[in-house]
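Encoded as structure tokens, the structure appears first; notes follow it.
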Amino acid sequence: MLPNYPELEKKRIIIGVTGGISLYKTCILLRAIKKAGAEVRVVMTRNATRFVSPQTFQTLSGNPVYTELFPAHFLQEPLHIRLSEWGEIILLAPATANIIGKMASGIADDLLSTLLTAFPGPVLIAPAMNDVMWHNPAVKENIGKISRRGTEIIPPGKGELASGKIGEGRMAEVEKIIFHLRKIFSSQDLKGKKVIVTAGPTREYIDDIRFISNPSSGKMGYHLSEEAALRGAEVLLLSGPVNLPAPEGVKKIEIESVEELKENIEKHFPACDILIMSAAVGDFRVKEKFPGKLKRKDALSLRLVPTPDILKGIGERKKNQIVVGFSAETENLRERSKNKLKEKKADLVIGCLIKEKVSGFNLEKIEGWLIGKDGREEKFPLVEKRVLAKMVIEEVKKIGGWK
Ligand SMILES: Cc1cc2nc3c(=O)[nH]c(=O)nc-3n(C[C@H](O)[C@H](O)[C@H](O)COP(=O)(O)O)c2cc1C
């Protein structure tokens with residue numbers, strides 16, 4: 001997925017950096033946050049400056065880096081107060097065992113720990129340390145304490161540590177930290193809701209290696225699942241074969257055939273609140289798949305039969321659940337989308353215009369119609385799929401009557 005973090009635009013973010021080896025990743029994190037259009041100020045502990053010079057963060061942030069509680073030059077207002085009034089959030093990455101201990105005890109003996117004590121807003125931390133340190137009972141207790149007081153912890157990952165050992169304690173990856181940061185700036189209006197999103201193409205095999213499919217890239221469904229996750233939903237993404245990594249915070253199950261997709265929907269649908277079917281589901285499969293690999297010879301006839309209509313069955317069974325369908329058409333889009341809504345008993349249908357190189361499959365943009373069960377018919381202009389994803393989630397919210 002192309003990185004784009006509109007939630008961070010113009011946000012005032014303080015990045016606190018402490019003395020752990022993983023602070024090299026913070027340089028990449030800072031660049032990504034700056035690229036998103038956020039304003040960033042960096043506060044480093046003295047020990048952090050032993051790993052990387054403040055010059056690096058100064059250049060990346062485009063602002064002075066603060067390290068001293070008592071700067072050489074007199075300031076009318078102490079730095080920790082000035083910064084605590086300026087910042088909308090403090091992101092601590094990496095967070096050492098030491099700073100976590102200080103936060104748990106309310107110790108304020110340098111600029112960063114004093115700022116943390118004086119800061120009234122949200123604090124997000126990405127702990128990073130050796131596995132023995134991470135499992136140390138004192139560290140565990142301190143994490144529990146600060147978490148109960150409202151600090152959000154991005155758990156460290158498992159893998160190769162700086163020592164070369166495999167264990168738990170390495171700082172969460174940059175993408176994951178950014179997801180948590182974006183989530184803080186997103187309204188949590190889908191919190192507690194379970195959402196299923198289908199995405200990408202399906203494949204119906206002719207023989208063991210050839211299949212019938214379509215050019216769906218999965219972008220629409222991936223944007224939808226990311227948007228739902230950012231708004232606090234528990235998201236299950238049922239994805240056909242595409243070249244996209246699962247968005248952060250989303251559980252992904254890979255499927256290939258319509259039958260596999262149907263099985264997964266039937267299994268998970270009863271427990272979900274919202275089902276968004278944006279996958280480009282194939283309409284035909286071969287009646288009988290050939291075993292092995294077909295050899296080149298004279299003309300070959302294939303007998304195609306329809307695949308099961310997933311949306312129809314679901315629309316008939318839904319109970320207090322919202323079902324959103326997508327229809328892709330090259331012509332008569334409005335009428336066909338209206339018919340689909342009625343036939344499938346969906347709550348909302350997004351009609352997508354397929355126009356070569358302009359709108360539709362494997363493109364960033366799309367235009368079409370929003371057709372609602374309440375009789376609403378609204379044309380939407382050519383927009384980015386991520387923008388359409390926001391529009392669809394807003395519509396779902398309205399249908400559900402959720403604030
Ligand atoms: C090479 C090296 C790597 C270190 N890596 C970590 C680390 O990843 N996590 C951690 O909690 N401490 C780590 N430490 C120990 C901290 O630097 C030490 O506890 C220090 O007091 C932290 O100070 P600060 O929290 O004020 O930055 C490391 C120390 C050294 C010498």
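The values are calculated or read from the model by the stated rules, or taken from the named source; none is laboratory data. Predicted model, so just to flag it, every value in this text is computed and none were measured. Cβ sites come from the backbone with ideal geometry, for glycine too, and all protein chains shown count toward neighbours. What goes into the accessible areas is simple: the full protein's heavy atoms, side chains included, and nothing from ligands, DNA or RNA. Shrake-Rupley method; radii C 1.70, N 1.55, O 1.52, S 1.80 Å.
Numerical summary
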quantity: 1.4 Å probe accessible area per residue over segment 194-400, in Å²; calculated: 50
quantity: Dipole axis of the chain (+1 Lys, Arg; -1 Asp, Glu on Cβ), positive-most option in 368, 29, 328; calculated: 328
quantity: Share of carbon and sulfur in the accessible heavy-atom surface of segment 6-184 [1.4 Å probe, %]; calculated: 54
quantity: Per residue, the convex hull volume that the Cα atoms of segment 111-215 enclose (Å³); calculated: 218
quantity: Probe 1.4 Å, protein heavy atoms only - accessible area per residue of segment 6-184 in square angstrom; calculated: 47
quantity: Max mean-square fluctuation residue, GNM over the chain, Cα-Cα springs under 10 Å, options 20, 351, 157; calculated: 157
quantity: Karplus-derived 3J(HN,Hα), 6.51/-1.76/1.60, for each residue of segment 164-177, Hz, glycine and proline x; calculated: x, 6, 9, x, 9, x, 6, 4, 3, 5, 3, 4, 5, 5
quantity: Within a Gaussian network of the chain (alpha carbon springs, distance under 10 Å), most fluctuating of 190, 124, 60; calculated: 60
quantity: Size of segment 1-76 as Cα extents on the principal axes (Å, biggest first); calculated: 43, 33, 16
quantity: Pairwise FRET efficiency - residue 210 versus residue 343, Cβ, R0 = 22 Å, nearest 0.05; calculated: 0.10
quantity: Exposure of residue 49 as accessible area (Å², to 10), given a probe of 1.4 Å and all protein chains; calculated: 50
quantity: Extended-chain gain in nm, criterion 0.36 nm per residue less alpha-carbon gap, residue 403 and residue 254; calculated: 50.4 nm
quantity: Two-decimal ratio, the chain, of alpha-carbon radius of gyration to 2.2 N^0.38 Å; calculated: 1.18
quantity: Among 28, 276, 196, residue whose mean-square fluctuation peaks in a GNM of the chain (springs only between Cα atoms under 10 Å); calculated: 28
quantity: Virtual spin-label span in nm between residue 374 and residue 76, 7 Å along Cα→Cβ; calculated: 5.1
quantity: Size of charge dipole - segment 146-282 - debye, nearest 20, with Cβ of Lys, Arg +1 and Asp, Glu -1, no other charges; calculated: 740
quantity: Pairs beyond 18 Å (Cα-Cα), from 193/397; 193/219; 262/312; 262/318; calculated: 193/219
quantity: All aspartates and glutamates inside 14 Å of residue 365 as judged from Cα atoms, apart from same-chain residues fewer than 8 positions distant; calculated: 356, 384
quantity: Chymotrypsin sites (Phe, Trp or Tyr not before Pro) within segment 153-218: DSSP coil, no more than 12 neighbouring Cβ in 10 Å; calculated: none
quantity: Table column - 3J(HN,Hα) (Hz), segment 32-44, Karplus curve with 6.51, -1.76, 1.60, x for Gly and Pro; calculated: 5, 5, 5, 4, 6, x, 7, 9, 10, 10, 10, 10, 10
quantity: Simple spin-label estimate for residue 46 and residue 186 in nanometres, 7 Å along Cα-Cβ; calculated: 4.1
quantity: Excluding exposed DSSP-loop GluC sites (Glu not before Pro) (at most 15 other C-beta within 10 Å), longest clean stretch of the chain; calculated: 89-287
quantity: Selection from 240, 230, 212 lying farthest towards where the dipole of segment 162-244 points positive, charges on Cβ; calculated: 230
quantity: Which of 298, 283 is most accessible, then next, and so on - probe 1.4 Å; calculated: 298, 283
quantity: Per DSSP, loop trypsin sites (Lys or Arg not before Pro) in segment 266-350 with at most 13 further Cβ within 10 Å; calculated: 287, 289, 293, 295, 296, 297, 303, 319
quantity: Hull volume in cubic angstrom per residue (convex hull over the Cα atoms of segment 228-360); calculated: 176
quantity: Anisotropy class of segment 318-403 from Cα gyration tensor, a/c 1.5 cut; calculated: oblate
quantity: Size-normalised alpha-carbon gyration radius of segment 64-116, reference 2.2 N^0.38 Å; calculated: 1.16
quantity: Förster radius 51 Å - calculated FRET efficiency between residue 59 and residue 355 (Cβ-Cβ, nearest 0.05); calculated: 0.70
quantity: Residue-level accessible surface for residue 133, protein heavy atoms, 1.4 Å, Å²; calculated: 90
quantity: Residue-span extension gain [residue 243 to residue 267] - 0.36 nm each, minus C-alpha spacing; calculated: 6.1 nm
quantity: Per principal axis, descending, Cα span of segment 6-184 in whole Å; calculated: 46, 34, 30
quantity: Length released on extending from residue 9 to residue 31, taking residue separation times 0.36 nm less the Cα-Cα span; calculated: 6.6 nm
quantity: Helix-only CD estimate at 222 nm, as mean residue ellipticity for the chain, using -39500 (n - 2.57) per DSSP H run (n ≥ 4); calculated: -9500 deg cm²/dmol
quantity: Solvent-accessible area, 1.4 Å probe, carbon plus sulfur percent, for segment 194-400; calculated: 48
quantity: Sites residue 289 and residue 391 - FRET efficiency at Förster radius 45 Å, r taken between beta-carbons, to 0.05; calculated: 0.70
